[in-house]
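The block underneath contains the structure these notes are about, expressed in C-alpha cells.
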Amino acid sequence: MAMPKLNQLPPPPPRIGMWEPISTAQPAELDMSRTQELLKFMEDAGLCESGEESLKRQEVLGRLDQIVKAWVKKVTEAKGYNEEMVEEANAVIFTFGSYRLGVNGPGADIDTLCVGPRHVTREEDFFGELHRMLAELPEVQELHPVPDAYVPVMKFKFDGVSIDLLYAKLGLWVIPDDLDLSVPTLLQDLDEKSVLSLNGSRVTDKILHMVPNVQNFQTTLRCIRYWAKQRGVYSNVAGFLGGINWAILVARICQLYPTALPSLLVSRFFKVYCQWRWPNPVLLCPIEGGSLVLPSWDPRRNFRDRNDLMPIITPMYPCINSSYNVSSSTLCIMQQEFQRGNNICEAMDASVTGWNTLFERFLFFEAYKNYLQIDITARKDVDLMNWQGWVESRLRLLTSEIERDTRGMLLCHPHPGECLDKSKRFHRCYFMGLQRKPGVCAQEGGPFDIRFTVEKFKNMVGMYTFKKPGMWIGVCHIKSNNIPLFVFPGGVRPARQKRVARENGAAAEVDEAGDRKKRKIDESITCQKLRKFDSVAGTKNTPLAVEAKLEDSSVTARCPIVDCSQSCLGNEGSFKFSPPVGASSSASGSSSSTAVVTLVSDIVPAPSVCQQGSSEEHDRFQDDAQSMGEVQQNFGEGTRVENEGIRQGVATGRDCSNIFRNDGGVEELEPTAPSSNVVSASYGAQKPLIKFNFTSLVRTNC
C-alpha cells in the first residue's frame, strides 16, 4: 500500500457533489508522515488480503458465473422454450459492496448479484432450482436462503469463500454479457425486490465515480470500516450501519476535502459527523428524479420517510435511505463513538496519543450492567441456518419495540454478531445491553417492564413460514456477572480491574495501575446514590450541599441537594458521613466531614465515603454501584427492582431535591460524574478537582 508522494498528487479536481469543498489545500509534510503511519498500522493489523486469496476469489466468481448460466438454461428448457431460446438464455454475475469498492479484507464475504431474464423467477427458480443445484455441489457449504428478508438473499460458502447472492429479474428475454446496469430504463416494470437488488451494484459504481481520488477513498474507507468493527457499530442487521452506509459517509468527506490524504480524511470524518445534525440527510448528489414510477426518498411527500433517524441517501435512482434500520438507541451509540473518535483525533494532533487508541476494541460485555440474552436452537444444521437467518432479520424489531414501549427512555445496544457455545449443538446466542438513556433519571422513567414486549417479539418470530419442529427461541434477562463464559476470549472472564463504560457521549477506560485516559470531561456534575454508611443522629434542618470546582476552571458551583427547611419528618433516618480510618480530614473539628475527591475517567463509583475500618463494605460498594441507570427484569416472577439514580446536574444549579424514593424513604446515593467520569476518593489530597462538603442528610419529602 504505497503512498503517493506530494509531487505525484493530481491537480485540484473540479467540484464533485452538491456543495463547494471545505478545503482544497495541498497536503503538508505532517499529513504525509501521519498517512505513512496509518498505512503501516493497517499493514500490521492485516487489513489487506494476500495475492493468493485475491486469486481464489476470482476463481470462485468465475465458477459461480458458470453455475448460474447453466441454471438459466436448465430452467428455460424445463419451461418448454425452443432450442434457440435455450441456447441464448443467459445470466450475469455482478459484484458490489466491499469487494467492488476494493476494500475487502481477509475472510470477508463477496456481495454478488445474479441478473436473469424475465421468465426466470425468484421464488420458484432462484430459491428453488438454483438452491437445489448449489446444495448438490460438494464445494458449497452452509447454504441457507433468506427469502423473506427486506432484500432476499441466499448465503453460502463456496470453497471456503463466503458468498451473499441476490437475484434481479429484468424485463429482457436475453441478458447480454456486457450489460450496463446504470441505464435507468432497465428498471422499468421491475418488482420492488429486483429494484432493491440492482441498487447495490448500481450504487457501488456510482460512488466510485463520485469521489475525487479513488485511492485515498479506498484507504480511508478501509480504516473507517475497521474502526466501526472494532467499536461494535458495523452491522446493518443489528441496527447500525453496513458497508454501503460507511462508504457513502466516507465519500462525502472526500468530496468536502478533495485533496486531503487518508490521515486527514479520517480526522475530518469524525469532526464532521460528531457535529452532524441528524436527521439532516447525507447526500453525494441531488436526489434524482426519473420517468419511472419508483419512490425516492422525500420526507415532504412520503410520511414514512419523516421517521428516518439517520438518513444516508443512495446516489442512484431511485434514491432511497440506505440506513432505515437505525434506531434511536443505535443512533445514540454511534454519535457517542463519533465524539470519541473526534476527541482522539484532536489528541493525536497534540501528539498525545496514536492510531492504536482510535482502533481500540469496545468491550461490549463489560460496558453494561443488564443484558438481554436471545437463544435459538434447531434440530439440524440446515434448520439452524434457516432459522438463524430469519431471527437475525427480525432482531432490530426487538430494539425498536423496546424503545417504543419504554417511551424512548431505555437504551438498547445490540451486539453486532452472534455468539457460539461450543458445548451445545445447533445453538446460537445473541445479546443486547440495556441501560437508561443519557438524561433520563430513575424517577422519571421508573422501572421498565418489558415482558409483554419480549413475548410479542417471540410470537412474531414464531410466525416463520418455513418453521420446523425443534426451532425454538428464548429471551431472558441476565446481569453482567452472570454472562456466560463462552462469550469471552478463551472462555475466561476478564479481571474486574479494568472497566469500560458508555455514558453521555464518552467512553473511558481505567486500567489496573490507575492510568487515566480521558475521553471527555463535562463541567456538569450529577449526584447518584450516596451510600449510607454510618447512621447517627443529625440536625433536623441542616441542608446537604455540594461545592464543585473543576481543574483549570475558576467556576465554583454550589447547589443544595436537599433543602430540609420544608416538610421534614424529623431526625430519624439522618446520616453522617465519615472518612475511612487513618484518613485526614480537611474539616477537622467541624460537625461535618469533608471528603476530597478526585475526578478521573470512568463512571464506576469509587469508595468516596466508606464506613470506618470496613474494607468489605468498600469492596461491596465498588461492585454494586456501577451505572447511572439500572434496569431489572425478572421474567419468571415479574419482580420490579427500582433504581433511583439521580441525573440532575449539580454544578449547573438545577434542583436535586428529588433524591428520595416515592415512598418517602431515603434512597442510597453515591457521588458520580457524568460523561464517563469516575469519582474516586482521596483524603488529604493537595490539589482536589472536586470538593464535596457533607453535613447531614435528613429523611424528608422535599
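The values are calculated or read from the model by the stated rules, or taken from the named source; none is laboratory data. Since the model is a prediction, treat every value here as computed from it, not as a measurement. With ideal geometry, Cβ positions are generated from the backbone for all residues, glycine too; neighbour counts draw on all protein chains shown. Side chains included, ligands, DNA and RNA excluded: accessible areas come from the protein's heavy atoms. Shrake-Rupley method; radii C 1.70, N 1.55, O 1.52, S 1.80 Å.
When only Cα pairs below 8 angstrom with a gap of at least 6 residues are kept, segment 41-151 shows a relative contact order of 25 percent.
So, counting K/R as plus one and D/E as minus one, what does the shell of residues with Cβ under 12 Å around Asp405 add up to?
Taking every other residue near Asp405 into account, the sum is 0.
Translational diffusion coefficient of segment 257-401 (Stokes-Einstein, Kirkwood radius from Cα pairs, 20 °C, 1.002 mPa s): 114 µm²/s. Note on exposure: Thr465, Thr259 ranked by accessible area (1.4 Å probe, complete protein assembly) read Thr465, Thr259, with the most exposed listed first.
Annotation note: chymotrypsin sites (Phe, Trp or Tyr not before Pro) in segment 219-316 located in DSSP loop regions with a Cβ neighbour count of at most 12 within 10 Å are Phe303.
Legend: translational diffusion of segment 121-264 by Stokes-Einstein, Rh = Kirkwood radius over C-alpha pairs, 4 °C, 1.567 mPa s; D = 73 µm²/s. Accessible surface for Glu123 stands near 130 Å², nearest 10, in the context of the full protein assembly shown (1.4 Å probe).
Under 9 Å from the Cβ of Trp173, count the other residues' Cβ atoms, weight Lys and Arg +1, Asp and Glu -1, and hand me the total. After counting each charged neighbour, the total is 0.
For segment 37-156, what is the Kirkwood estimate of the hydrodynamic radius, computed as the reciprocal of the mean inverse distance between distinct Cα atoms, to one decimal in Å?
The Cα-based Kirkwood calculation yields 16.3 Å.
Note on exposure: Met32, Met42 ranked by accessible area (1.4 Å probe, complete protein assembly) read Met32, Met42, with the most exposed listed first. Sequence-ordered 3J(HN,Hα) estimates for segment 75-91 from the Karplus curve with 6.51, -1.76 and 1.60 and θ = phi - 60° stand at 5, 4, 5, 5, 8, x, 6, 5, 5, 4, 5, 5, 5, 8, 4, 8, 9 Hz, glycine and proline given as x. Only the Cβ atoms of Lys and Arg (+1) and of Asp and Glu (-1) were treated as charged; on that basis the dipole of segment 229-366 about its Cα centre amounts to roughly 180 debye. The trypsin sites (Lys or Arg not before Pro) of segment 192-282 meeting both criteria, a DSSP state outside H, G, I, E and B (loop) and at most 13 other C-beta atoms within 10 angstrom of the site's C-beta, are Arg277. In this structure, the pairs whose alpha-carbon distance is over 19 Å, taken from Lys157/Lys468; Lys380/Lys422; Lys380/Lys467; Lys79/Lys157; Lys229/Lys458; Lys56/Lys206, are Lys157/Lys468; Lys79/Lys157; Lys229/Lys458; Lys56/Lys206.
Against the compact-protein benchmark of 2.2 N^0.38 Å, the Cα-based radius of gyration of segment 359-471 scales to 1.18.
Glu139 to Glu77: extension gain in nm, 0.36 nm per residue of separation minus the Cα-Cα distance?
Roughly 19.7 nm would be gained on extension.
Its relative contact order, with pairs defined as Cα atoms under 8 Å and 6+ residues apart, puts segment 126-189 at 21 percent.
Between segment 97-170 and segment 441-492, the alpha-carbon centres lie 30 Å apart. Put simply, the amide H of Cys412, placed in the peptide plane, has neighbours under 5 Å in Ser329, leaving out anything fewer than 5 places away on its chain.
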